[in-house]
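Since the structure comes first, as structure tokens, the remarks are kept for the end.
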Amino acid sequence: MRPKIFLSLFLLFNGLAFGQGSTSYSGYIDLYYMAHLSDNSLINLPYRMFDLTLQHQNENLEIYADLAMEYTPKSHSHYLTSSTPQDFLWDLRELYLTWYTNFGEIKIGKQIHSWGSVDENSPLDVVNAFDYYYLFFQGSDRKVGSYSAALNVYFNNWKFGAVVSPFHQTNRFPLNDPEFPISLPILPEEKQIFNIEENPFEFGAFLERSFGMGDIRLSYFQGYDRTFSFSGINVWGQEESGNDLNNPRLDLVFGYRKTNVIGFGGTILSDWLTMRGDIAFFKTVDKNNNIEREHDGYLFSPTQNMYTKANGYDKIYFSFPINENAEYFQTTLQLETELPYDVILATQFFYYDTLSYTSLDVLPTDSISISDFSYVPPKDLFTPGLGTPMAVLSKKAVFLNLEKHFF
């Protein structure tokens, strides 16, 4: 019922907004060609060929929309792996209504938020999911819009912001894409994901204070991870046929942990140097205490190292939820200065580490014999599910950017 009410209210305000008022629009058409330097072969990665933004304001109401067209180049047209000729994808990246009041503003709809003091890779910027195809782009280009409501209140040098969303959103990862230079060590199938049983309601707030030489910020967020994590194993056997666990099959379960984030950030300005910094502390818990479930006719075979038909597997003999509970932190520091000839130098240092980790580290092979099954301790599989997307790739990173405007 909530999504229907949410959409109905949005359409109502949308109709009110489009009356007499001012309208502005902007956009771009981007045509380029990517190829490998080694052999000049085509790189088949999607990119946004077309983008159009529209703003319409009528008194204290404003509607904002951002429509993009994503193009995926095709290296051939054999139609042997897919029969669809589609190589364009329309993406309504943002569509929200803003109501300006005497104390601030209220926004509702699909929107991209920006939290944190540093320009990019802020661990405080956790409201939106990320699109890893655009990981090395800047700003909102690498984020996925969130259906949410936001409030901003201004009072003298203070700013208070809050955001709520009834939906859980996840990062967009390239699915075994050989063209993408970065791959995840594990990429589960949809059948392996354990659905969030409780309401995936997410909310957060921040308080910001501006000074003559900069600002400071305190933020809090509660939600579910944008990146999946390993949640446990179910071991199936054949009770009716009497084979029991002679040839067990596995249900490898993945899910999304619930995470609380407390963040601090600030900016210091001077005549020749700008310093920005953010640090966030994360407490994450796997809420899947019971992962037993019916299988869909397919289970993982350790001997074949793949999911195969599971005829006759009618009983879960053992269930091993790992019950992860971890605390970690992420921080990003940024320095900016102007060099001769109007060149802007910006550098960032990112670092994250795990502060504590506990799990139910019970080896399935201690209870049963599973041939060709190699068990990896859950701690070795742990990755941050919230925060800057760089944490999935590296614990430490340094970025350097030189910028020069000619026109």
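Bear in mind these aren't lab numbers, they're just calculated from the coordinates by the rules spelled out. All figures in this text were calculated on a predicted structure; none of them were measured in a lab. Neighbour counts run over all protein chains shown; Cβ positions are idealised from the backbone, glycine included.
Protection proxy ranking of 391-400, 227-236, by the mean of other Cβ atoms within 10 Å over each peptide's residues and highest first, is 227-236, 391-400. What FRET efficiency, computed as 1/(1 + (r/R0)^6) with R0 = 56 Å and r the Cβ-Cβ distance, is obtained for Tyr317 and Thr53, rounded to the nearest 0.05? According to the calculation, E is roughly 0.50.
Gain on full extension, evaluated as 0.36 nm per residue between Asn156 and Leu218 minus their Cα-Cα distance, stands at 20.6 nm. A crude spin-label estimate for the pair His36 and Thr170, with each label 7 Å from Cα along the Cβ direction, gives 3.0 nm. Around the Cα centre of the chain, unit charges on the Cβ atoms of Lys, Arg, Asp and Glu (plus for the first two, minus for the last two) sum to a dipole of about 560 debye. Helix 2-17 axis versus longest C-alpha principal axis of the chain: approximately 20°, rounded to the nearest ten. Pairs of Cα atoms nearer than 8 Å and 6+ residues apart set the relative contact order; for the range 112-404 it is 17 percent. Extension gain for Leu184 to Asp119 (0.36 nm times residue separation, less C-alpha to C-alpha distance): 20.8 nm.
Among Ser140, Ser270, which comes first, second and so on when ranked by fewest other beta-carbon atoms within 10 Å?
Fewest to most other Cβ atoms nearby, the residues stand as Ser270, Ser140.
Within the shell of other residues whose beta carbon sits under 15 angstrom from the beta carbon of Arg217, the net charge comes to -2, with Lys and Arg scored +1 and Asp and Glu -1. Simple rule: put +1 on each Lys or Arg Cβ and -1 on each Asp or Glu Cβ in the chain, find the dipole, and look at Ile291, Thr53, Gly21; the Cα lying farthest toward the positive end is Gly21.
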